[in-house]
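Here the structure is laid out as structure tokens; the discussion comes afterwards.
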Amino acid sequence: MKILSGTSNLNLSKDISKSLKLKLVNTNIKRFADGEIYIEINENIRGNSVFVIQSTSNPANDNLMELLLIIDALKRSSAKNITAVIPYFGYARQDRKVVPRTSISAKVVANLLTNAGASRILTVDLHAGQIQGFFDMPVDNLFTTPLFARYIKKKIKEKKFDLCFSRCGRGSKNKRACNKDRCRSSNN
């Protein structure tokens with residue numbers, strides 16, 4: 001097993017590799033003057049399962065293209081399996097047609113990752129669970145609410161506090177999950 005980091009989450013990648021007692025794959029990722037991205041894998045990864053850690057956060061297009069090029073380079077280097085670890089999955093909010101003549105960008109990104117050569121996707125708190133259905137490969141969508149709830153309970157010794165909230169106004173499901181883990185408001 002090998003871990004490769006894109007440029008979007010280098011500190012996270014270092015923490016993960018340190019925790020697993022693995023070295024990050026030696027890569028050369030640079031930008032040409034015109035903005036093109038250059039990816040070079042500087043070690044033999046033939047026959048290895050490789051985990052690529054790269055968010056598609058701001059700048060979303062640059063980070064997405066970098067991820068696609070890394071996956072392609074790994075595929076051309078004969079990696080056995082390529083798992084794209086995407087802590088923030090950009091374009092996830094565009095998961096359906098709200099009005100006519102619009103793109104379902106989450107599906108387009110799923111197709112790009114599939115066609116680039118990813119074998120599996122691991123992401124965190126997808127905007128909508130249905131996005132998993134856009135892929136023709138396994139998708140692991142990790143939920144962080146219980147993790148945050150335990151952390152908050154550990155750090156805040158009081159039993160009365162207001163902290164659970166929803167992003168984008170679509171999180172009643174997230175709030176219920178939070179409440180189930182006893183991260184409760186004093187008003188509950």
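Worth a mention:
- Among the residues making up region 122-146, a single one is of a type outside the set (A, V, I, L, M), closer than 17 Å to Leu68 by Cα and surrounded by fewer than 16 Cβ atoms within 10 Å (Cβ to Cβ): Asp136.
- Here Leu74 meets each of (1) of a type in the set (A, V, I, L, M, F, W, C); (2) over 16 Å from the mean Cα position of the chain (by Cα); (3) under 23 Å from Ile37 (Cβ atoms); (4) part of a loop (DSSP other than H, G, I, E, B) with one exception, condition (4).
- Of the residues examined, Lys97 is not one that is basic (Lys, Arg) and either under 23 Å from Leu10 (Cβ atoms) or outside any loop (DSSP other than H, G, I, E, B) (or both).
- When region 97-116 is limited to residues that are touching a residue at least 40 places away in the same chain (Cβ under 8 Å) and out of contact with any strand residue (DSSP E or B) (no Cβ under 7 Å at 6 or more places or on another chain), the one that is farthest from Met1 (Cα to Cα) turns out to be Val109.
- Only a single criterion out of (1) among the β-branched types (Val, Ile, Thr); (2) in a helix (DSSP H, G or I); (3) closer than 17 Å to Asn141 by Cβ is not satisfied by Val108, namely (3).
- In region 81-96, of all residues being surrounded by fewer than 19 Cβ atoms within 10 Å (Cβ to Cβ) and either of a type in the set (Lys, Arg) or at pLDDT 95 or above (or both), the one that is farthest from Thr7 (Cα to Cα) corresponds to Arg96.
- When Ser78, Ser119 are checked against the criterion of being free of Cβ contacts under 8 Å to residues at least 60 places away in the same chain, under 27 Å from Val25 (Cβ atoms) and surrounded by fewer than 13 Cβ atoms within 10 Å (Cβ to Cβ), Ser78 stands alone in meeting it.
- Only listed residue being out of contact with any helix residue (DSSP H, G or I) (no Cβ under 9 Å at 6 or more places or on another chain) and of a type in the set (Gly, Ala, Ser), chosen from Ala84, Ala60, Ala92: Ala60
- Of the criteria (1) surrounded by 12 or more Cβ atoms within 10 Å (Cβ to Cβ); (2) farther than 21 Å from Thr144 by Cα; (3) among the small types (Gly, Ala, Ser), which one Ser55 fails: (2)
The values are calculated or read from the model by the stated rules, or taken from the named source; none is laboratory data. None of the values given here were measured: they were computed from a predicted structure. Positions of Cβ are backbone-derived with ideal geometry, glycine not excepted, and every protein chain shown enters the neighbour counts.
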